[in-house]
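Working notes, structure below.
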């Protein structure tokens, strides 16, 4: 035990020496004594890197020859995090294996890494709900994705966060870390562009909006009293979201309470909207120093890699070998050229600038390499030109090849005379060539795009990329020599379809299979639609119409899957709340939906007798649903008025009406007394009077 | 049995030290006090000596060499780590020789013998001596005491070198020089000119500290060094490392300063404690330099585009417009910044290479005198000190 005490005190000495001086406040000993924890989400929950991520999870893709997750863990460790929970979903076993081999799982690591895997995680929300369910976090924690590369010193933000939490208990739940970076900066991801309105004094977020795809922005300046009561606030568009946030334990609870929060954006939006009710606030910390970028698509991959090689992320430089991998140390020489051991360079080859070559790679004669990263054990032939090329491990490149701004994954092979234009991706094990030129933006993978669609319908990944790569796919499952060369192996996923009319930046952003410029709105749509909806409602539709559609969908599904009436009622009730529909409207819509149902299914050319034959069993089936809603006298009248409305529209089916009404009476949906009252009540129009007459005869 | 427990504790400490070295310079600027590094290294080596399992001096030297290689690899530019390891190795050799009964002088063979014998072989260290451990730890403790006193020892010599009404120039911030000047200021009045040493501008801190001690201080830009040099009586600088040939690896800008001093025949004095003496030569290119993030040279943000003051008036007249056109918004930023400075486009970083080196090499012929904790030496004498401090076989770890 004595030795243990020594170890602890020594550790704290080192930690305070590494810049976390403020950790030993006298007053808040309890808070400070808790080791700093972190939640690392090693899954992106989207498929930006598809099809590359089919073989390797994104967190393990090499960036500067080191897996991305290692950068994130190093960042956490250097900020003093002592316990990290890594949540994996897609290819969890690979991530687990990687981490267990790495230095993070050694007993001497100052940062204890727990790996939590589940196939059930579909979003960040699920992860945080699990954090809450397992009550993993005890105090403030750092929330970060597995693909964040950063050297930001968050100790100050952490202190501010703790201070705020101490001042007014539990008001501030999250501090988001932003980095100053002017619009158009290459490290800014178009998808993540935000406009943030911040209270200048308290750094509280007042408004948060993604600008992507928007031409106009709404600021609730006039309406909101929050804006009005402030002396000074800032609207900032020069912030780069580092995707690092310091969260209070309440964040996990809030995710549990609001099961519809999927992403951090949902969370922020939800919190800001409900600020007055719940009293939770979100703050920002803006830093000028440091580097913090999330590798969210291949374009970002390109820019982060080059920043890394240009030493912006110091001390996380390639030659530092911070992962302690054997034999991965490299030497650094001028013009940012890094060479590991065992690299051989042929006669006349030039490494111009910003080049990183990992160990045991051999390069032929008269090559010209600039701004590139080359992995382990690659063999590169003569007269090869590489510019902005990212070549992973065990790649073979023959002679006379030209590669510009492309990614080549492990074990791919590029045969003689191949030219890869900008933004090509060769996934694992692909063979290209010889003597072929791939156009801009070509993606080649060993997986057939077709098989992908078949398999992955139930996949969690938001299917935004799916839309695009249908363009040029080949039906037959043989390699097309016209596309990949005579000896080539692989399928083209997406031919160059860069839209020239689009803005330059946007089309650049398409690299990395970002084919749908607005995935967010897309996924929202798919949530609101029932999967079997005949018509997809546009988001502008008013609630009543959407509700109508939903009820129809629900009943349809109920019929197909034989769902019990109780559950149908439950579903309709939740829909009622979701769209804020009054009970009266529910009644009317329900009645109309049921009465229209046969038309909906068979078309409007039914004869009255056919109609009745179809409708009566339905009524019998759904009688409990009606009985649930039709209780009070007024309900009966509402139901009948909807009934009347329906038949007013369908004059040809008047003959059927009597039978339907009779049936409803017999099923005890409607009471006799009410029918009579409805009948006796003054009819409003000529037609309805006629209708009553027609119907009254038979009832009596 | 606390044996294995101690082992893990030890590896933990070594790992912590290693990662600390690797991250060296994230928080407090690129230069951490090398005196602290030297002390930490020595303390760690003492711990290794005390806790690791070894039977003979040879085992211990092997362990220390192994750890030493890792430590030096963790931060090649921090030479004090390697120096301390060599010092400790030398201590072990001496203690071993003493235990065997042979005096230290006997090890010094004649030139002829050295040439023919081909050096001492490791087999000589296999003998076991019970008191060796205690002796080595004792000697390391002495080394630590010596390290504690270095700055004071150097500062004590200040009065011999600084005279009244002199104008002294220095560059950046060196703790040793600061102590040196402060010590002289107790008795003498003189003027110090500090070159700020952009982009990290440690010179500012130095100047503040000096003026607090009552020394008349002026800060100049690095570009003004040559112009001011004609008025300077003496240049006193610190250094990061003293190289084997008597040259320096010092903070960026020192070479300019040394050349200017040479041109004006101003004496250049280097305050360097002995632990900065490294057997490294300046031709080892890969470990010589240290390049840090270019952030200080060209801010990543490329100028503060969105100035707070620019936007403050928006809500005052903008209460009526709640819709803001995003294109006009960025245009608005553009207009505002163009008043302040030329806007650097976001593309600049991909087109321009920005480097931020930390060190300069200063050749020995530009240096007049070294002041170490054991006295003053000429650059040509450094090789001699080297052979006193380190064993020739330890130059290569």
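The values are calculated or read from the model by the stated rules, or taken from the named source; none is laboratory data. Just so it is clear, the model here is predicted, and its values are computed rather than measured. Because the Cβ atoms are built from the backbone with ideal geometry, glycine has one as well, and the counts that use them run over all protein chains shown.
Just give me the residues in segment A:101-122 being away from chain B (no Cβ under 14 Å), more than 16 Å from residue A:71 (Cα to Cα) and free of Cβ contacts under 8 Å to residues at least 60 places away in the same chain, in sequence order. Within segment A:101-122, A:114, A:115, A:116, A:117, A:118, A:119, A:120 meet the criteria. Being part of a strand (DSSP E or B), under 20 Å from residue B:378 (Cβ atoms) and either in the same structural domain as residue B:87 (by the TED database) or out of contact with any helix residue (DSSP H, G or I) (no Cβ under 8 Å at 6 or more places or on another chain) (or both) is a property that residue B:270 has. Selection of strands (runs of 3 or more DSSP E) fully inside segment A:370-467 by the criterion of at least 1 residues being at pLDDT 90 or above, crowded, with 17+ Cβ neighbours inside 10 Å and out of contact with any helix residue (DSSP H, G or I) (no Cβ under 6 Å at 6 or more places or on another chain) returns A:385-387, A:402-404. Put simply, of B:78, B:7 the only residue that is at pLDDT below 90, in contact with a helix residue (DSSP H, G or I) (Cβ under 8 Å, 6 or more places away or on another chain), under 19 Å from residue B:175 (Cβ atoms) and within 13 Å of chain A (Cβ to nearest Cβ) is B:78.
Just one of the numbered conditions (1) within 22 Å of the chain's Cα centre (by Cα); (2) surrounded by 22 or more Cβ atoms within 10 Å (Cβ to Cβ); (3) under 24 Å from residue A:293 (Cα atoms) is not true of residue A:157: (1). Number of residues in segment A:179-205 that are in a strand (DSSP E or B) and within 11 Å of chain B (Cβ to nearest Cβ) equals 6. Considering only segment A:306-316, state which residues are under 15 Å from residue A:73 (Cα atoms) and either free of Cβ contacts under 8 Å to residues at least 24 places away in the same chain or within 8 Å of another protein chain (Cβ to nearest Cβ) (or both). Scanning segment A:306-316 gives A:313, A:315.
Which condition number in (1) in a helix (DSSP H, G or I); (2) within 14 Å of chain B (Cβ to nearest Cβ); (3) closer than 21 Å to residue B:19 by Cα is the one that residue A:153 fails? Looking at each condition in turn, residue A:153 falls short on (1).
So, in segment A:75-90, exactly how many residues are more than 17 Å from residue A:100 (Cβ to Cβ), in a helix (DSSP H, G or I) and out of contact with any strand residue (DSSP E or B) (no Cβ under 6 Å at 6 or more places or on another chain)? Adding up the residues that qualify gives 1. Does residue B:242 satisfy the condition of being touching a strand residue (DSSP E or B) at 6+ places or on another chain (Cβ under 7 Å), modelled with pLDDT of 95 or more and crowded, with 17+ Cβ neighbours inside 10 Å? No: the conditions fail for residue B:242. Here's a check for you: in segment A:68-88, which residue that is surrounded by fewer than 24 Cβ atoms within 10 Å (Cβ to Cβ) and away from chain B (no Cβ under 14 Å) is nearest to residue A:140 (Cα to Cα)? Filtering first and then ranking leaves A:83. Could you please find all residues in segment A:117-143 being surrounded by 20 or more Cβ atoms within 10 Å (Cβ to Cβ) and in contact with a strand residue (DSSP E or B) (Cβ under 7 Å, 6 or more places away or on another chain)? The answer is A:121, A:124, A:127, A:131, A:137, A:140, A:141, A:142, A:143.
Taking (1) more than 14 Å from every other protein chain (Cβ to nearest Cβ); (2) more than 24 Å from residue A:59 (Cβ to Cβ); (3) in a loop (DSSP other than H, G, I, E, B) in turn, residue A:296 satisfies each apart from (2). Here residue A:338 passes the criteria (1) assigned to a loop (DSSP other than H, G, I, E, B); (2) buried (at least 18 other Cβ atoms within 10 Å of the Cβ) except the one numbered (1). Is it the case that residue B:90 is modelled with pLDDT of 90 or more and out of contact with any helix residue (DSSP H, G or I) (no Cβ under 8 Å at 6 or more places or on another chain)? No. Within segment B:349-364, restricting attention to residues that are free of Cβ contacts under 8 Å to residues at least 24 places away in the same chain and part of a helix (DSSP H, G or I), the residue that is nearest to residue A:303 (Cα to Cα) is B:350. The helices (runs of 4 or more DSSP H) located wholly in segment B:140-235 that include 2 or more residues which are free of Cβ contacts under 8 Å to residues at least 24 places away in the same chain occupy B:202-212.
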